[in-house]
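Undergrad: Input: one structure, supplied below.
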Protein chains: 2
Amino acid sequence: MHPVIIQNVTPELNGGRYPVKREVGDALVVEADIVKEGHDIMAAVLKYRAAGEDAWRETPMRFLENDRWRGEFPLERMGRYRYTIEAWPDAFESWRHDLEKRLDAEQAVTLELTEGRELVALAAERAEGAERRQLQQALARFDEMSEDADRVDLLLAPTLRRLMARNPDRRLASVYEKELEAIVDRVAARYAAWYEMFPRSQGTVEGRSATFKDCERRLPEVKAMGFDVVYLVPIHPIGKINRKGPNNAPVAGPGDPGSPYAIGSDEGGHKAVHPELGTLEDFRNFVARCQEMDMEVALDFAIQCAPDHPYVQAHPDWFKWRPDGSIKYAENPPKKYQDIVPVQFYGPHQDELWREWRDVVLFWVGQGVKIFRVDNPHTKPIPFWEWLIREVQEAHPDVVFLSEAFTRPKLLQTLAKAGFSQSYTYFTWRNFKQELTDYLTELTQSECKEYLRPNFFPNTPDILPAYLQTGGRPAFMIRLVLAATLSSVYGIYNGFELCEAAALPGKEEYLDSEKFEYKVWDWDREGHIKDWITAVNRIRQENPALQELENLRFHPADDDNVLFYGKASLDGDNRIFVAVNLDPFEPHQAVLDFPLEEMGIRPNQTFQVEELLSGRKHLWRGRRHSVDLDPQSNPAEIYRIRGWMHRDYVETCY
Amino acid sequence: MHPVIIQNVTPELNGGRYPVKREVGDALVVEADIVKEGHDIMAAVLKYRAAGEDAWRETPMRFLENDRWRGEFPLERMGRYRYTIEAWPDAFESWRHDLEKRLDAEQAVTLELTEGRELVALAAERAEGAERRQLQQALARFDEMSEDADRVDLLLAPTLRRLMARNPDRRLASVYEKELEAIVDRVAARYAAWYEMFPRSQGTVEGRSATFKDCERRLPEVKAMGFDVVYLVPIHPIGKINRKGPNNAPVAGPGDPGSPYAIGSDEGGHKAVHPELGTLEDFRNFVARCQEMDMEVALDFAIQCAPDHPYVQAHPDWFKWRPDGSIKYAENPPKKYQDIVPVQFYGPHQDELWREWRDVVLFWVGQGVKIFRVDNPHTKPIPFWEWLIREVQEAHPDVVFLSEAFTRPKLLQTLAKAGFSQSYTYFTWRNFKQELTDYLTELTQSECKEYLRPNFFPNTPDILPAYLQTGGRPAFMIRLVLAATLSSVYGIYNGFELCEAAALPGKEEYLDSEKFEYKVWDWDREGHIKDWITAVNRIRQENPALQELENLRFHPADDDNVLFYGKASLDGDNRIFVAVNLDPFEPHQAVLDFPLEEMGIRPNQTFQVEELLSGRKHLWRGRRHSVDLDPQSNPAEIYRIRGWMHRDYVETCY
């Protein structure tokens, strides 16, 4: 008999099927409807335990209104937490409540006091040690008393109330039928700036692969721009069979390097490094250099093999063979990708196959890599990812997985629910005011915020969006500021800082992409926006408001080309507003409407505004302020708002 | 390995914890997100079975968009249905799809045809009987062919496609992890008009109880007003100990009848009838008279006992006893209800107690009663109701339970989820435009619509709302129209038709209530609104749109005193609009905005309007029409909209 109904628990995803995500240092706030017949005073606790803890810890929940309760517990370490709720009618509090109403009505309460004594006696039986003795002493004093008034004072005393609360009668308690789960990641899962690097293009000699040493030489510049994560596209040997040539040509020339996503050759597979880049030792040195500079390395994890990958020989059952005895290439009919053979995840070999891919991840974890950007996870089974991520994070809760699933919305979301720490998103194609507002509201205010951390990339090796192709340097500045201030985690793919915009005609792909060629870049090429990137990343680092995701709110600006939004830090001390001209071609003016009342600023109160990109300071008053955003000079402005200390002269004047 | 993820199923309440409600003749429409990695063509079936059926039946689901699927199945009988979903990648459809793309690109498909043949061969192994033979014949024909073009035609033939769909490979199928439940009630659970009757007040002799025979004499009038359900407040013997006097006086006079909610005396308990009303035989006759007139009887089910109820003697452990040996009375401190002792639902006697109350219900079911209005269910355990309703409905799926829970919103809702067929609501206190719009939108458009059927009562023996106390006859007319057209099921408590409005000063209670006195009413008293009630009930009967709940939609009227809304029948043939002046004191004019495009009426098209209360007909054109609502004459208007047959003269003129 469980008369207490606990329901509508938040956060809870798909009836508890999937974990929510938080970061270390957060408190997990849990709410529930707790309903029981009648008018009993209720008590409820939030029960929680970190992975590896056998016993529940408990923290009281408090009543909000309308049968809604709330509690929270601190997330002190990485890994998975479980939580649930227990609630029961609090007999002593209900008795107290009724007694006080009777006393107010000046009714006789002799019988009620005897009933109260019985509740104390039962609590004394449940209690142990000092608390039992204290309760027994209270009973003894009650029995010595002859006046109701004395007994009232005894039974309503605050000390007894606390003792009773610590020894409740839970015989009628209900425990919520589900144990819910939270993944607690490190803060870098939420807040980081990524720089994506093609290792072989980081050198200075035309027609030859750069090495990890060349990559190391670029680190000071990447660090100076303010990035935290250096993400390398696959570093493994590249298949030689059916290797692709420049611009995805079906046949490679003799000197062509091939796509690094066609992994594996006689030089090794997913646990090897491409000899042109260096040795595993060189790679470990690169990782160490990053760590010394307080950056970390992210690796690409692409589950696909070149036809000459060692797995094909060693494990033919992992692949699909055609009626003529040939291996099945990747394809999306009528397109064929003959430099890649996809793995077959289903079949009797499943256990062996899954464990091998897990071990590939663990191998690189062993080399000091704690971030993996997963290529095309939406073409592999969702339960596989759910299993792999759990397996890896149980041993290494600091490992972060980014899902590169530019796919159907619900598949993208389901991969995030299955455990991916971060997700690529449709931000890459959201350019204008309404679509940005709608999409960011979904990401930050809907249930998505519980499990999907959007990592905003304005470009990738596969995607050079039309906006960047046509909008020139201002387009790159605009997209950088949007990515870096709308989301707390974002990244750029090298060349973005150079405003590289040469595209294959009619496509959103790079012309002469380094995916298929050796490239050498002039990293100081005219027109670069490294200063802009540096300034924006510095502003992110200096302002905790920009290190959070869910705090994004849009505010009115009276021009459709101007997007205006704000973020406040959790403590409310840091308040940032951003106005962006979304039109890379024309200046636009807009009146911005600042939500003063939310900031506790009165309409007639002066406040201090600092534009963080220019350093200009203002004293403003009132909600509405005009801004003029010229894509050539100031496509965006970032304001930090502070109260203005106003003090009347308080000393007497002589 | 279940690569298919089925989630976000609707309808589903609290993760499948509670059943949804529907009525016989409905189709249950079920939707789900069905997600799998990659780009396979999927297949899905909705699986369902009625109570007592061992095997699932299956009906195909169809793809909508964005990974959303929909299916439906007919609810052919009363009782509980279960449903779930199964989905799998359709290997043959995926193969077909790819083949067609290859053919469009004029690629060679020889190998693909061999792969397709293999799929057919596997299906032949799964198939049985004639279908197996047909598949085997197709294989034989394939093997005889030498041209790819012939094999293409064979494998893409519609007949083979159907055969393959009927013999799918479900090895990679997922079944949704929950079996969901639907309660299917008879239509009267959704659509009925109730007349609540105090049996002892239906007579003609002052100071004496009326009898069931007197009640029978009132039935023609109740029927003539258009009611379907005659609901009687408790008909059982009334306690003699601590009986209440007029206007809830703590002590009854010698001739006072007491409250019928203080049930039980030496004359019997919940399975007896009050001797003043007649015998059980008389009651059965009353039930039969109602049935002859195509009405049915609803009884009050009030789980509370007078101190002299037979249960108190027979089952002292069902009640709570105080330290001085006295029985505990019902109370809500500091108020005391000394004519009632509440039952204790918890304890070792629980099984016996619960079964006894179930048997009380079954006893009255045995007397022909199939509707129970449950008094104060919110003071009894929710799991008790969940159990009792399921027990009764398993044997008698035509039994309807109305929950009288004027309590906290979430407790009211949870009782509905637990199984109550209908619920009293806060309609009783929602009088004005915004609050009516908000509340009815919640009831008809939120998740509430899945489980909570609101039975709208503008008055009850306990509640004479301030609006009725002060608004005079127009207030009664207004509230009647609102109750009868906003919800599909509603009721009035006798005296409403007489506009009885005498209240205890400062309270929302009747003065000299028949709850505590013998009363005689003049049912033709001046100022009655029986004609108005009759007209509105007739309009409900003639218009299927008003027999549904979820079809309610509000439309603009440019005056805050005028509420304007519409309902359409499921087939769209019957379209009703209602405009109500919510102000009982003053006439108000408003321009009503009819949603012509939803009705398929063009802006310049003439349509036919019949005002159903007056019978006036109009030909209108355009969205906006003005109405003048005078509370003294036409506080409301009800429009039926029909297209206007416009036909150009089509014959040749000579």
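Since every read-out is calculated from the coordinates, none of them should be taken as a lab result. Everything numeric in this text was worked out from a predicted model, so none of it was measured. Quick reminder, even Gly has a Cβ in these numbers, built from the backbone with ideal geometry, and neighbours come from all protein chains shown.
Undergrad: If a paramagnetic tag sat 7 Å from the Cα of B:Glu352 along the Cα-Cβ line, which residues of the range B:317-337 would have the backbone N under 12 Å from that point?
TA: The answer is B:317-319.
Undergrad: If you draw the axis that swings chain B onto chain A, which residue of B has its Cβ closest to it, and how far is that in whole Å?
TA: B:Gly15, 2
Undergrad: Relative contact order (percent) for the range B:1-99, with alpha-carbon contacts under 8 angstrom and 6 or more residues of separation?
TA: About 32 percent, as a whole number.
Undergrad: Separate question: Once R0 is set to 41 Å, what does the formula 1/(1 + (r/R0)^6) return for the Cβ-Cβ distance between B:Asp143 and A:Trp429, expressed as a FRET efficiency to the nearest 0.05?
TA: Efficiency computed from Cβ-Cβ geometry: 0.25.
Undergrad: Going by alpha carbons, how many degrees (0 to 90, nearest 10) lie between the helix axis of B:350-366 and the longest principal axis of chain B?
TA: 90
Undergrad: On to the next question. Could you work out, residue by residue across A:34-43, how many beta carbons of other chains sit within 10 Å of that residue's beta carbon, and then give the average as an integer?
TA: 5
Undergrad: May I pose another question? What percent do you get for the relative contact order of chain A when only Cα pairs under 8 Å and 6+ apart count?
TA: Across chain A, relative contact order equals 11 percent.
Undergrad: Which percentage, to the nearest 5, of the DSSP beta bridges contained in the protein assembly as shown is antiparallel?
TA: If I count the DSSP bridges inside the protein assembly as shown, around 70 percent turn out antiparallel.
Undergrad: Taking 10 °C and 1.306 mPa s as the conditions, I'd like the Stokes-Einstein D for the protein assembly as shown in µm²/s, using the Kirkwood hydrodynamic radius from alpha carbon pairs.
TA: 43
Undergrad: Using a 10 Å cut-off on Cβ to Cβ distances, tally the other chain neighbours for every residue of A:169-180 and report the average as a whole number.
TA: Mean number of neighbouring Cβ atoms from other chains: 1.
Undergrad: Work out, in µm²/s and without decimals, the Stokes-Einstein translational diffusion coefficient of the range B:1-111 at 4 °C, 1.567 mPa s, Rh from Kirkwood over C-alpha pairs.
TA: Diffusion coefficient, whole number: 81 µm²/s.
Undergrad: Further question: Would you mind listing how long chain A runs along its three principal axes, going by Cα atoms, in whole Å with the largest first?
TA: 106, 84, 43
Undergrad: Would you work out which of B:Ala557, B:His625, B:Phe585 lies farthest towards the positive end of the dipole of the range B:547-652, given +1 charges on the beta-carbon of Lys and Arg and -1 on that of Asp and Glu, about the Cα centre?
TA: So the residue we want is B:His625.
Undergrad: Determine which lysines satisfy two conditions relative to B:Lys519: a Cα distance under 26 Å, and not lying fewer than 8 residues away in the same chain.
TA: Excluding near neighbours in sequence, the set is B:Lys213, B:Lys223, B:Lys240, B:Lys244, B:Lys271, B:Lys336, B:Lys507, B:Lys530.
Undergrad: Moving on. Against the longest alpha carbon principal axis of chain A, how many degrees, from 0 to 90 and to the nearest 10, is the axis of helix A:433-445 turned?
TA: 50
Undergrad: Binning at 10 Å from 0, report for the range B:104-201 what percent of all alpha-carbon pair distances ends up in each bin.
TA: 12, 29, 17, 11, 9, 8, 6, 4, 2, 0
Undergrad: Follow-up. Could you give the angle, 0 to 90 degrees to the nearest 10, between helix B:129-144's Cα long axis and the longest principal axis of the Cα atoms of chain B?
TA: On a 0 to 90 degree scale, this one is about 30.
Undergrad: Can you sort B:Asp67, A:Asp558 from fewest to most other Cβ atoms within 10 Å of each residue's own Cβ?
TA: A:Asp558, B:Asp67
Undergrad: Let me ask something else. Quantify how much of the Cα-Cα distance distribution of the range B:5-184 extends past 22 Å, in percent.
TA: In whole percent, the long-distance tail amounts to 53.
Undergrad: For B:404-415, what's the mean count of beta carbons from other chains sitting within 10 Å of each residue's beta carbon?
TA: Going residue by residue through B:404-415 and averaging, the value is 4.
Undergrad: Treat every Asp and Glu Cβ in the protein assembly as shown as -1 and every Lys and Arg Cβ as +1, leave all other atoms uncharged, and give the resulting dipole magnitude about the Cα centre to the nearest 20 debye.
TA: Dipole about the Cα centre, nearest 20: 280 debye.
Undergrad: All other residues with a Cβ under 13 Å from the Cβ of A:Trp354 taken together, and with Lys, Arg as +1 and Asp, Glu as -1, what is their net charge?
TA: -2
Undergrad: Further, regarding this structure: Cα convex hull of the range A:547-652: how many Å³ per residue?
TA: 119
Undergrad: At what distance in angstrom do the alpha carbon centres of the range A:554-590 and the range A:597-636 lie from each other?
TA: Using only Cα atoms to place each centre, the spacing works out to 10 Å.
Undergrad: Please compute the Kirkwood hydrodynamic radius of the range B:366-504 from all pairs of different C-alpha atoms, in Å with one decimal.
TA: 15.9
Undergrad: Let me ask something else about it. Give the cross-link partners of B:Lys21 among the lysines, using a straight C-alpha distance below 28 Å as the criterion and excluding same-chain residues fewer than 8 apart.
TA: In chain and number order, the partners are A:Lys36, A:Lys178, B:Lys47, B:Lys178, B:Lys370, B:Lys380, B:Lys410, B:Lys417, B:Lys449, B:Lys567.
Undergrad: What is the set of long-range amide H partners of A:Val4 at a cut-off below 5 Å, with H atoms built 1.01 Å from backbone N?
TA: Those lying under 5 Å, H to H, from A:Val4 are A:Ser174.
Undergrad: What ranking of B:Thr437, A:Thr425 emerges when the number of other C-beta atoms within 10 Å of each C-beta is taken as an exposure proxy, fewest first?
TA: Arranged by neighbour count, lowest to highest, B:Thr437, A:Thr425 become B:Thr437, A:Thr425.
Undergrad: I'd like to know which of B:Thr437, B:Ala252, B:His97 lies farthest towards the positive end of the charge dipole of chain B, counting +1 on Cβ of Lys and Arg and -1 on Cβ of Asp and Glu.
TA: B:Ala252
Undergrad: Further question: If each residue's Cβ is checked for other Cβ atoms within 10 Å, how do A:Thr414, B:Thr444 rank with the fewest at the top?
TA: Listed from fewest to most nearby Cβ atoms, that is B:Thr444, A:Thr414.
Undergrad: Follow-up question, since we're still on this one. Ordered shortest first, which distances in nm separate the 7 Å Cα→C-beta label point of A:His618 from those of the other copies?
TA: 5.4
Undergrad: May I ask you to report, in nm to one decimal and beginning with the shortest, the distances from A:Gly207 to the same position in the other copies, taking label points 7 Å along Cα-to-Cβ?
TA: List, nearest first: 12.5 nm.
Undergrad: Would you tally the net charge around B:Asn285, using a Cβ to Cβ cut-off of less than 11 Å, leaving B:Asn285 out, and scoring K and R as +1, D and E as -1?
TA: -1
Undergrad: Taking each label point as 7 Å beyond Cα in the direction of the beta carbon, state the distances from A:Pro250 to the same residue in the other copies, shortest first, in nm.
TA: Values, ascending and in nm: 10.0.
Undergrad: Between B:Leu280 and B:Lys223, how high is the FRET efficiency from 1/(1 + (r/R0)^6) when r is the Cβ-Cβ distance and R₀ = 25 Å? Nearest 0.05.
TA: Efficiency at R0 = 25 Å is approximately 0.55.
Undergrad: Which whole-Hz couplings ³J(HN,Hα) result when phi for each residue of the range B:20-30 is put into the Karplus expression 6.51 cos²θ - 1.76 cosθ + 1.60, θ = phi - 60°, listed in order with x for Gly and Pro?
TA: Each residue's phi maps through the Karplus curve to give 8, 10, 9, 10, 4, x, 6, 9, 8, 8, 10 Hz.
Undergrad: Follow-up. Sort out for me the Cα centre separation of the range A:410-448 from the range B:357-414, rounded to whole Å.
TA: 46
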